[in-house]
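Student: Quick one: the structure is below, and I'll ask about it shortly.
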Amino acid sequence: MKFQVNRDVFSEAVSFAVKLLPQRTTLPILSGILIQANADGLVLSSFDYEVSSQTEIQADVEEPGTILVSGRLLAEIAGRLPNAPVRVSTEESRISVNCGSSNFTLLSMPVEEYPSIPEISGESGVVPAEEFATAVAQVAVAASRDDVTPVITGVQLEVREHHLGLVATDRYRVAVREIDWDGGAVAGDDSLTALVPARTLQEVGKTFGHSGTISVSITSRDDRELIAFSADKKTVTSLLIKGNFPPVRRLFPDTVDNYAVMNTAELIEATRRVALVLEREAALRYTFTADGLTLEAIGSEQAQASESIDAILTGEDTVVSLKPQFLLDGLGAVHSEFVRISFTKTENPNKPGPVLITSQSSREQAGADTYRYLLQPNLLLR
């Protein structure tokens, strides 16, 4: 095999192909990147049985062929090559990479032992790329990082008519976002769901966020349910997480009469300041009254803190204790100058229900409710 390719194009393609590979794998062969050279250019692929990445780029191919080489090593080399065309050739089990005055020789890996890259046929629908990337960033923060319960480490994608819903939870909070979906449910079903690992979805959002549109395909093959995201001659496939995602949408209230509105940036900064004295895992006390909002942190004996900011309260005075980082995650995702924090009720009048965080266009005008973040209060300080 022998080809020449633009340095920047090659480096970006290799980086994309290896980005989702695990840092460590029990099978060394899965750490490789497969490069196929043909008359149309290069196809670069990686696969670890759970997630795959594939991209096509242009190249001047003198001799077609296929090689398998250590992915991360090639990515590091490609990212540091001088500004000159890259020439790659093979001789027996050795791969030569030449660029300007830089020369590298790498050992090839056995191509015949590499698994077949998943093939996805058909298209389930199309989403706006920038909107999808924003939605993933807003929702994935609420996904669990505890692998003990895999079903909540993913983001549930729910297709209904012309809308795609994204839902994530870690039992302590729930994040939901709705975006446009151009397509329909498969085989005439009135709904379509896919539970995608949050880490994979986050990389898809970052990679395809400026691609215009993203094609999404969901398919079953050999008892394996797969989802594929494609844009700009790049494709990422992922195995879906098996299991039933908890029915967390029913936790959201239809209406809430008791809520407060405040400036988002002011609340973020006040929370960060007052939380400085907290012990790890401790909560902040938020007291909402007609006079505004008071934040209080009772840290150790050596340090306490409090701060008051403006807030417009509708309904009765309310006190809740919230983990500051969980609150900050929600506030950072509303993307509006003002934020509404609504207080739900429970059957026990002394026990506050979850707080609902939504955007607010102005002090008086509610924002679009396409993003909602429900946070369970921490009762340690009550």
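Student: Once ligands and nucleic acids are excluded and a 1.4 Å probe is used, how much of Thr370 is accessible, expressed in Å² to the nearest 10?
Tutor: Here the residue's solvent-accessible area equals roughly 60 Å².
Student: Could you tell me what percent of the accessible area of the chain is made up of carbon and sulfur, with a 1.4 Å probe and every protein chain present?
Tutor: 45 percent
Student: Turning to a different aspect of this structure: Once phi is turned into θ = phi - 60°, what whole-Hz ³J(HN,Hα) does the Karplus curve with 6.51, -1.76 and 1.60 give for every residue of the range 35-48, x standing for Gly and Pro?
Tutor: 10, 10, 10, 9, 4, 8, x, 10, 10, 10, 9, 9, 7, 10
Student: At 7 Å along the Cα-to-beta-carbon direction for both Arg24 and Asp147, put a label point, then send me their distance in nm to one decimal.
Tutor: With each label point 7 Å from Cα toward Cβ, the separation is 1.0 nm.
Student: At 0.36 nm per residue, minus the direct Cα-Cα distance, what do Ala368 and Ser102 gain on full extension? Give it in nm, one decimal, please. Intermediate results must be reported in sequence, preceding the final value.
Tutor: Details: separation 266, 0.36 × 266 = 95.76 nm, distance 5.44 nm.
Additional length available on full extension: 90.3 nm.
Student: Given the peptides 313-320, 209-216, 170-177, arrange them by the average over their residues of other C-beta atoms within 10 Å, most packed first.
Tutor: Per-residue mean Cβ counts within 10 Å order the peptides as 170-177, 209-216, 313-320.
Student: Let me have the relative contact order for the chain, percent, based on Cα pairs under 8 Å that are six or more residues apart.
Tutor: Result for the chain is 12 percent.
Student: Tell me the label-point distance for the pair Asp180, Leu276, using the 7 Å Cα-to-Cβ offset, in nm and rounded to one decimal.
Tutor: 4.5 nm
Student: Further question: For q = 0.18 Å⁻¹, what log10 I(q)/I(0) does the range 246-327 give under the Debye formula with an equal point scatterer on each alpha carbon and no solvent?
Tutor: The computed values of log10 I(q)/I(0) come out as -0.80.
Student: Skipping prolines and chain starts, which residues have an amide H placed within reach, meaning under 5 Å, of the one on Ser336, given they are 5 or more residues away or on another chain?
Tutor: none
Student: Quick check: the distance between the Cα centres of the range 146-183 and the range 4-40, to the nearest angstrom?
Tutor: 30 Å
Student: Working from the pairwise distances between different alpha carbons, so that the mean of 1/r is found and then inverted, what is the chain's Kirkwood radius in Å?
Tutor: Working: mean 1/r = 0.0426 Å⁻¹.
After inverting the pairwise mean of 1/r, the radius is 23.5 Å.
Student: If you take every residue apart from Glu56 with its C-beta less than 12 Å away from the C-beta of Glu56, what net charge results, scoring Lys and Arg +1 and Asp and Glu -1?
Tutor: Net of charged neighbours comes to 0.
Student: Could you sort out which of Lys2/Lys233; Lys242/Lys323; Lys242/Lys345; Lys323/Lys351; Lys2/Lys206 sit more than 26 Å apart by Cα distance in this structure? The partial results should precede the final answer.
Tutor: Details: Lys2/Lys233 22 Å; Lys242/Lys323 30 Å; Lys242/Lys345 33 Å; Lys323/Lys351 16 Å; Lys2/Lys206 32 Å.
From Lys2/Lys233; Lys242/Lys323; Lys242/Lys345; Lys323/Lys351; Lys2/Lys206, over 26 Å: Lys242/Lys323; Lys242/Lys345; Lys2/Lys206.
Student: Which peptide among 93-100, 144-151 comes first, and what is the full order, when sorted by highest mean count of other Cβ atoms within 10 Å?
Tutor: 93-100, 144-151
Student: Quick one: which residues, 5 or more positions from Thr213 or on another chain, have an amide H under 5 Å from its amide H? H modelled 1.01 Å from N in the peptide plane, none for Pro or chain starts.
Tutor: Residues meeting the amide H criterion: Ala129.
Student: Multiplying the sequence separation of Phe252 and Asp8 by 0.36 nm and subtracting their Cα-Cα distance, what value in nm do you get?
Tutor: 83.1 nm
Student: Give the calculated FRET efficiency between Gln304 and Asn348 to the nearest 0.05, with a Förster radius of 30 Å applied to their Cβ-Cβ distance.
Tutor: 0.55
The values are calculated or read from the model by the stated rules, or taken from the named source; none is laboratory data. What you see is a predicted model, and the numbers here were worked out from it, not measured in a lab. Every residue, glycine among them, receives a Cβ derived from its backbone with ideal geometry; neighbour counts consider all protein chains shown. SASA here: full protein model, heavy atoms, side chains in, ligands and nucleic acids out. Shrake-Rupley method; radii C 1.70, N 1.55, O 1.52, S 1.80 Å.
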